[in-house]
Amino acid sequence: MSLAIFVSILLRPVNLKKRRILDLVEENYVFASVLHHFGIDFYDYQEQNLAEVCEQKGLKPELIIASLEDVIEDDQEHLQYLMGLPIDLVIAYLRHKHFSFVKHTLPYLAKLVNCYPTQGGNTVINDIRLVFPLFVEDFICHMHEEEDTIFRYILQIDNTLKGQLLPSKLFFSMKKYSIKAIAGEHEAHDDVMMGIRKLTNNYELEPDSPVLLKVIFSELQSFEKNLIIHSRVENEVLFPKALLMEKELYKVMSKYSILN
């Protein structure tokens, strides 16, 4: 039996509704985040099946099943698509990802880490519990810096080339910033998950590790994968586009100075 047929059978609504929450999560740890989105923290409902939990929560199982199917079908490689978009839409996409990280991903990770037992708990999780707030603070500061400086500068270039902003308004910004320098500095600081990877020994697990620990490590790996994709969008789509636009603006500024 092929994997596609197996997954199709596994995710048939009648089969999924009758399965224990613990079994679903053990087969795909990402399901835990889908359930969390619907207000179901899997560790509180491990022995109940999906239909029972949905009845308690007043949810339609079909909605959750559709979301579980989307997890398996999800393809996060949008680089080719984004390359064809204007730069303001690329920035809108990146801002949306920032919002999703801050409002959904990071709070969910923090909740998982903090609900792990402290007494006799995993020492690695105890370490993560200590450093995670600092990691979140640094990460959010980094995103604010990107939005308030880099994205703002690139959008100003875009508006100037569109004739919506006078070139003279950007004179001092162009003295202060350089897309080439910004891109180089950004690429040098891409690996924000290095500390977490070292703490977890590259997310190493024992065969008998608790399901909650497996979910935490899976979510950390998923977050790292999303960050890698996010960085690729910036390094391979945003900055190359912005660099070409900046060069074009220098030409415009040169003509503008001759005319004035």
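Near Lys103, which lysines are there with a Cα under 27 Å away, not counting those fewer than 8 places off in the same chain?
Here the lysines satisfying the reach criterion relative to Lys103 are Lys57, Lys60, Lys111, Lys198, Lys214, Lys225.
Show me the ranking of peptides 165-175, 198-208 by mean Cβ neighbours inside 10 Å, starting with the highest.
Final packing ranking: 165-175, 198-208.
Normalised by the residues of the stretch 20-160, what does the relative contact order come to in percent, with Cα pairs under 8 Å and at least six apart?
It comes to 19 percent, rounded to a whole number.
How big is D for the chain, in µm² s⁻¹ as a whole number, if Stokes-Einstein is applied with the Kirkwood radius of its Cα pairs at 10 °C and 1.306 mPa s?
My calculation gives 75 µm²/s for D.
Order of 96-102, 109-115 by packing, highest average Cβ count within 10 Å first?
Output ranking for 96-102, 109-115: 109-115, 96-102.
Nearest 10 degrees, 0 to 90: what angle lies between the long axis of helix 179-188 and the longest principal axis of the chain (Cα atoms)?
30
If every alpha-carbon in the stretch 32-171 counts as one equal scatterer, what log10 I(q)/I(0) does Debye give at q = 0.14 1/Å?
-0.92
Any chance you could give the angle, 0 to 90 degrees and rounded to 10, that helix 239-259 forms with the longest Cα principal axis of the chain?
20
At a probe radius of 1.4 Å, what is the per-residue accessible area of Tyr81, in Å² to the nearest 10?
Answer for Tyr81: close to 150 Å² accessible.
If you wrap a convex hull around the Cα atoms of the stretch 101-199, how much volume per residue is inside, in Å³?
About 103 Å³ per residue, rounded to a whole number.
With a 1.4 Å probe and all protein chains left in place, how much accessible area per residue does the stretch 142-225 have, in Å²?
58
Compute, for the chain, the length of the dipole vector about the Cα centre, with Cβ point charges of +1 (Lys, Arg) and -1 (Asp, Glu) only. Units Debye, rounded to 20.
So the dipole magnitude of the chain works out to roughly 1020 debye.
Based on the Cβ-Cβ distance of Tyr43 and Glu145, what FRET efficiency does E = 1/(1 + (r/R0)^6) give at R0 = 30 Å, to the nearest 0.05? Walk me through the numbers before you get to the answer.
Details: r = 36 Å, r/R0 = 1.19.
Rounded to the nearest 0.05, the efficiency is 0.25.
Kirkwood hydrodynamic radius of the stretch 109-260 from all distinct Cα pairs, in Å?
One decimal place: 18.4 Å for the Kirkwood radius.
How high is the relative contact order of the chain, given as a whole-number percent (alpha carbon pairs under 8 Å, six or more residues apart)?
For the chain, the relative contact order is 25 percent.
Based on the alpha carbons, how large is the Rg to Rh ratio for the stretch 173-260 when Rh follows Kirkwood?
Details: Rg = 20.9 Å, Rh = 16.3 Å.
Rg/Rh: 1.28.
Pop out the carbon and sulfur fraction of the accessible area of the chain as a percent, whole number, probe 1.4 Å.
Its accessible area is 55 percent carbon and sulfur atoms.
Using Cα pairs under 8 angstrom and six or more residues apart, how large is the relative contact order of the stretch 150-260, in percent?
Details: 37 pairs, mean separation 51.1, N = 111.
Once normalised by length, the contact order is 46 percent.
Rounded to the nearest 10 degrees, what's the angle between the helix 211-233 long axis and the longest principal axis of the chain, both from Cα atoms, 0 to 90?
Once rounded, the angle reads 20 degrees.
Which Cα, out of His230, Val192, Leu249, lies furthest along the positive dipole direction of the stretch 167-260 (beta carbon charges, K/R +1, D/E -1)?
Positive-end residue among those listed: Leu249.
The values are calculated or read from the model by the stated rules, or taken from the named source; none is laboratory data. The structure displayed is predicted, hence computed values, not measured ones. Ideal geometry is used to build each Cβ from the backbone, glycine not excepted, and the neighbour counts take in all protein chains shown. Side chains included, ligands, DNA and RNA excluded: accessible areas come from the protein's heavy atoms. Shrake-Rupley method; radii C 1.70, N 1.55, O 1.52, S 1.80 Å.
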